[in-house]
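**Student:** Input: one structure, supplied below.
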Amino acid sequence: MSTRFHLAWFTNFTAGDWTGTFSHGGSPWDGKFYVEFAQALERACFDFVIFEDKLLVPEAHRGSTEATLKYAHQVPKHDPVPLAAIVAAQTRHLGVVPTMSTLGWPPFMLARVSCTLDHIAGGRFGWNIVTSGEDMAAQNFGMDKLPPRDTRYEMADEYMEVVNQLFDSWEDGAVVKDRERGVYADHTKVHPIHFKGKYYKVRGPLNTVPSPQRRPTYVQAGGSPAGRTFAARHADAIIATANHISGMKEFRDDIRERAARLGRNPDDIKVMYLVHPFLGETTEEAREKHRRLVNDPVSIDAALAGIGQITDIDFTQFDLDKPLPHKLTTNGESGALDKFQQFGSGKTLRQLASERYDSGLNLIGTPDEVAERMGAAIDAIGGDGFLLSTPFQRLNRRVVTEVCEGLVPALQRRGRVRTEYTQPTLRQTLREF
Ligand SMILES: Cc1cc2nc3c(=O)[nH]c(=O)nc-3n(C[C@H](O)[C@H](O)[C@H](O)COP(=O)(O)O)c2cc1C
């Protein structure tokens with residue numbers, strides 16, 4: 001029997017599809033659109049939804065905020081944490097995973113809000129752990145420059161130690177709610193942590209009741225060697241971007257090896273690949289949709305602005321019709337940069353931009369065709385699932401319906417994905433298979 005795999009969706013609290021024929025209008029700021037969207041994912045038995053986040057108005061592209069604001073695909077971006085609360089309150093099974101940066105959140109506040117949200121979500125709360133990748137984000141938090149990547153991960157490792165100690169600062173049984181004795185919580189079971197590290201100093205204890213999962217489900221996307229080790233040490237799920245089956249298999253094998261070396265069971269970590277399927281009633285309809293996107297001159301510029309924003313690189317300095325002059329590096333999102341630049345392929349920058357949303361798996365076609373290819377890819381990679389998204393995060397109800405009522409049923413008919421939820425918490429849902 002072929003193995004089942006996991007599904008999640010990657011989006012953000014932005015204007016979404018505000019220009020398309022099937023646009024929802026571009027003002028989803030009361031969160032209701034995202035609640036309905038999450039309910040559709042839940043009907044389709046997705047494991048979780050992630051809300052991506054950044055903490056700046058980027059200026060990398062042409063040294064200006066113009067592209068960012070004009071295209072509205074990174075800004076405006078509203079805070080995903082309150083959104084996660086309303087989504088969690090209006091769903092029952094779906095995991096809800098907002099992004100919070102260790103750069104911006106003091107560990108005590110992060111642990112406290114995570115605990116609060118895991119209660120609201122009944123054990124379905126996840127944290128997408130990021131360290132941020134832009135100097136301009138750092139400048140919103142009193143720094144002139146972002147610390148180098150390896151320092152960020154060293155800080156993040158210590159940060160995890162702090163929050164894990166805070167989550168454990170209430171022993172099991174600390175909440176007694178004994179009406180007769182008039183005792184809500186037993187003070188002998190709630191302990192300060194007195195954490196004093198290189199970067200953080202936190203007294204504790206947490207002032208919240210332990211939540212159903214105690215610690216949120218940890219999601220991470222480390223791409224660099226330090227990032228991969230961090231993810232292998234802490235994550236329950238890793239969201240990754242890679243080209244072709246070979247790149248995906250290399251990444252997963254490497255993560256599993258690192259996890260085993262760190263003494264973890266590699267099966268406790270699910271690696272999920274970011275993909276952007278194009279679906280149609282017919283193969284030709286799906287191909288036409290894809291052609292329209294890649295041939296649109298605006299989408300080339302928007303793709304370059306998009307990759308520029310997350311790598312702090314101004315791609316307008318390069319000739320669009322020549323290959324990149326040398327291999328680029330970044331203190332920002334290195335995995336996304338490596339996937340984008342396909343170094344050594346000889347492709348022009350224009351080609352690279354047109355392939356920004358291509359995973360090399362050819363997920364363009366009817367739901368049945370795409371379902372077949374997704375299944376074959378997972379069999380070759382070894383697991384564990386896909387993180388579905390839309391180019392430029394341009395979400396609308398039509399694409400949600402195509403996936404939830406076309407692609408997912410095609411996968412379910414093949415026995416490849418979940419048809420029901422059987423576990424009470426997100427972490428257990430991920431470990432079910
Ligand atoms: C699918 C995916 C989603 C990500 N989401 C975010 C995000 O919401 N916010 C953010 O600051 N970084 C995000 N990142 C960046 C990662 O946190 C990480 O910085 C990046 O993968 C590079 O890894 P490295 O730091 O190990 O080089 C994401 C990366 C991937 C692949």
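**Student:** Kirkwood hydrodynamic radius of segment 313-415 from all distinct Cα pairs, in Å? Let's see the in-between values first.
**Tutor:** On the way: mean 1/r = 0.0626 Å⁻¹.
Computed over segment 313-415, the radius equals 16.0 Å.
**Student:** Against the longest alpha carbon principal axis of the chain, how many degrees, from 0 to 90 and to the nearest 10, is the axis of helix 244-261 turned?
**Tutor:** Value to nearest ten degrees: 20.
**Student:** Let me ask you something else. Only Lys, Arg, Asp and Glu count, each charged at its Cβ (+1, +1, -1, -1), so figure out the dipole size of segment 219-299 about its Cα centre, rounded to 20 debye. Could you put the intermediate results ahead of the total?
**Tutor:** On the way: 13 positive and 12 negative charges, 74 e Å.
Once rounded to the nearest 20, the dipole reads 360 debye.
**Student:** Can you spot the lysines whose alpha carbon is less than 21 Å from K322's alpha carbon? Ignore those fewer than 8 places along the same chain.
**Tutor:** K339, K347
**Student:** Once the other residues with Cβ under 11 Å from the Cβ of F230 are scored (Lys, Arg +1; Asp, Glu -1), what is the net sum?
**Tutor:** Values: positive: R149, R152, R228, R233, R258; negative: D150, E154, D157.
Summing Lys and Arg as +1 and Asp and Glu as -1 gives +2.
**Student:** Straight-line reach from K198: which aspartates and glutamates fall under 18 Å, measuring Cα to Cα and dropping same-chain residues less than 8 apart?
**Tutor:** D150, E154, D157, E158, E161
**Student:** In addition: Given the DSSP H assignment, sum -39500 (n - 2.57) over each helix run of at least 4 residues in the chain and divide by its residue total; what's the result at 222 nm in deg cm²/dmol, nearest 500?
**Tutor:** Working: 16 runs with 168 residues, N = 433.
After summing the helix terms and dividing by the residues of the chain, the value is -11500 deg cm²/dmol.
**Student:** Also: Which values of log₁₀ I(q)/I(0), to two decimal places, follow from the Debye formula for segment 111-262 at q = 0.09, 0.12 Å⁻¹ with a uniform point scatterer at every Cα?
**Tutor:** Debye curve over Cα of segment 111-262, log10 I(q)/I(0) at q = 0.09, 0.12 Å⁻¹: -0.38, -0.64.
**Student:** Bin all alpha-carbon pair distances of segment 134-201 at 5 Å intervals from 0 and give each bin's fraction as a whole percent.
**Tutor:** 4, 14, 15, 15, 13, 11, 8, 8, 7, 4, 2, 0
**Student:** When we measure straight from the Cα of K196, which lysines land under 25 angstrom away, once same-chain ones fewer than 8 places off are left out?
**Tutor:** Reachable lysines: K145.
**Student:** DSSP loop GluC sites (Glu not before Pro) in segment 173-269 with at most 14 other Cβ atoms within 10 Å of their Cβ, which ones? Spell out each step's value before the answer.
**Tutor:** On the way: sites: E180, E250, E257; in loops: E180.
Those that pass, being in a loop and sparsely packed, are E180.
**Student:** Stick to the Cα atoms of the chain, pair each with every other, and give me the Kirkwood hydrodynamic radius in Å at one decimal. Don't skip to the end; give the middle numbers.
**Tutor:** Values: mean 1/r = 0.0446 Å⁻¹.
One decimal place: 22.4 Å for the Kirkwood radius.
**Student:** In addition: What are the principal axis extents of the Cα atoms in segment 75-186, in Å, biggest first?
**Tutor:** 56, 31, 21
**Student:** Based on the mean of other beta carbon atoms within 10 Å per residue, what is the order of 216-226, 138-148, most packed first?
**Tutor:** Numbers: 216-226: 23.6, 138-148: 13.3.
The peptides rank, most packed first, as 216-226, 138-148.
**Student:** Under a point-charge model restricted to the Cβ atoms of Lys and Arg (+1) and Asp and Glu (-1), what is the dipole moment magnitude of the chain relative to its Cα centre, in debye to the nearest 20?
**Tutor:** Working: 52 positive and 55 negative charges, 133 e Å.
Using only the charged Cβ atoms, the result is roughly 640 debye.
**Student:** Over the alpha-carbon set of segment 44-137, divide Rg by the Kirkwood Rh and report the Rg/Rh ratio to two decimals.
**Tutor:** Working: Rg = 15.0 Å, Rh = 14.5 Å.
Ratio of gyration radius to Kirkwood radius: 1.04.
**Student:** Give the angle, between 0 and 90 degrees and rounded to the nearest 10, that separates the Cα long axis of helix 32-43 from the longest principal axis of the Cα atoms of the chain.
**Tutor:** The angle comes out near 90 degrees.
**Student:** Using Cα atoms only, what is the angle between the long axis of helix 367-381 and the major principal axis of the chain, expressed in degrees (0 to 90) to the nearest 10?
**Tutor:** 60 degrees
Values in this text are rule-based calculations from the coordinates and carry no lab data. The model shown is predicted, which means the values in this text are computed figures rather than measured ones. Please note: Cβ atoms are built from the backbone with ideal geometry, for glycine as well, and neighbour counts cover all protein chains shown.
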